[in-house]
Amino acid sequence: MKSALAAASDRFSLLAYCLLALVSIWWAGSYLLIKIAVVDVPPATLATARLLIASSVLLVWLRLSRAGSLPSKLGSWAGYARIALFGHALPLYLIAWASMTVPVREMAILVATTPLFAAFFAHVSQREWPSSATVFGLLVGFFGLAAFLGHSAGSILHSNASAAPRLALLAAAASYALSSRSVARLKDANAIVTGTAVMICAIPMLLPLSLAFERPWAIAPTAPALTALLLLGVMSTAVVYVAYYRLIRLSGPAFASMHHYLVPAASITLGAVFLDERLDLDQIAFMTPVIASVFIARGLISRKL
């Protein structure tokens with residue numbers, strides 16, 4: 001009996017690591033795909049198309065798997081709408097917009113600060129003074145961010161670029177953190193139903209922006225941009241989000257949050273290999289304390305979120 005239990009535990013452990021690898025690799029690859037697609041497809045249209053593709057895939061998946069049905073109560077959709085705003089519409093647009101000027105490596109590192117914002121929001125919502133370890137973790141992270149942004153500011157001044165895209169990426173990270181709190185409050189444990197409903201809610205939040213300012217009917221994407229867009233919708237949005245929800249249920253939020261540490265390294269590697277982005281050792285050194293602070297804050301996130 002013990003050996004059977006041990007074998008079952010090993011299978012679950014292996015599945016958890018496989019899901020973690022899948023989530024990390026595809027979310028790292030999403031920054032590369034966004035850089036390719038945004039050359040031909042403007043940010044709001046890119047984010048909207050990504051959600052349209054993902055929701056279509058999930059609706060078919062939901063029908064074929066008979067895993068459940070979309071909720072009929074208005075109150076449930078209100079909860080999904082909050083997640084859609086902060087977990088999809090806002091961050092997907094901000095990331096797509098920033099990708100037009102920010103290298104893949106910086107995009108991944110700045111968005112990886114999500115756990116820092118999550119720790120901060122957790123303490124604010126609890127209205128209690130954080131522990132000394134948490135204060136230390138947050139200070140290390142924010143000082144690291146200040147150093148990183150200061151280093152980037154020097155490059156920005158020389159190139160006449162704007163700091164706004166990098167601040168937009170930090171706003172996307174904060175938005176993801178707010179979304180995670182709403183996800184934690186959901187009673188629905190069906191990952192496919194949750195993912196489908198959330199993405200359906202996010203589409204009308206971005207579609208008017210695309211129609212009003214980007215004239216999507218006049219866009220003629222090249223084959224690489226179209227391929228990147230399809231991969232973003234099917235894999236990086238539909239499949240990976242379902243895998244992520246499954247990972248949380250299987251191993252808990254603490255283990256699932258490890259993807260925040262793996263995505264930056266994978267994104268830096270992909271950017272160097274496929275986009276010929278130069279590895280800036282100074283920037284990596286400045287961001288090391290930020291990644292370290294995420295580890296420090298991890299215990300708090302597991303308890304509070």
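The values are calculated or read from the model by the stated rules, or taken from the named source; none is laboratory data. Computed from a prediction, not measured in an experiment: that's the story for all the values here. FYI the Cβ positions are ideal-geometry reconstructions off the backbone, even for glycines, and counts take in every protein chain you see. With ligands, DNA and RNA removed, areas are computed over all heavy atoms of the protein, side chains included. Shrake-Rupley method; radii C 1.70, N 1.55, O 1.52, S 1.80 Å.
Quick check on V183: is it at pLDDT 80 or above and either farther than 26 Å from F120 by Cα or surrounded by 15 or more Cβ atoms within 10 Å (Cβ to Cβ) (or both)?
no
Can S251 be described as modelled with pLDDT under 90, more than 18 Å from the chain's Cα centre (by Cα), small (G, A, S) and over 23 Å from E106 (Cβ atoms)?
Yes.
Search region 34-48 for residues being open to solvent by 20 Å² or more (accessible area, probe 1.4 Å) and touching a helix residue (DSSP H, G or I) at 6+ places or on another chain (Cβ under 7 Å), and hand back the single one that is nearest to A173 (Cα to Cα).
Checked region 34-48; the qualifying residue nearest to A173 (Cα to Cα) is K35.
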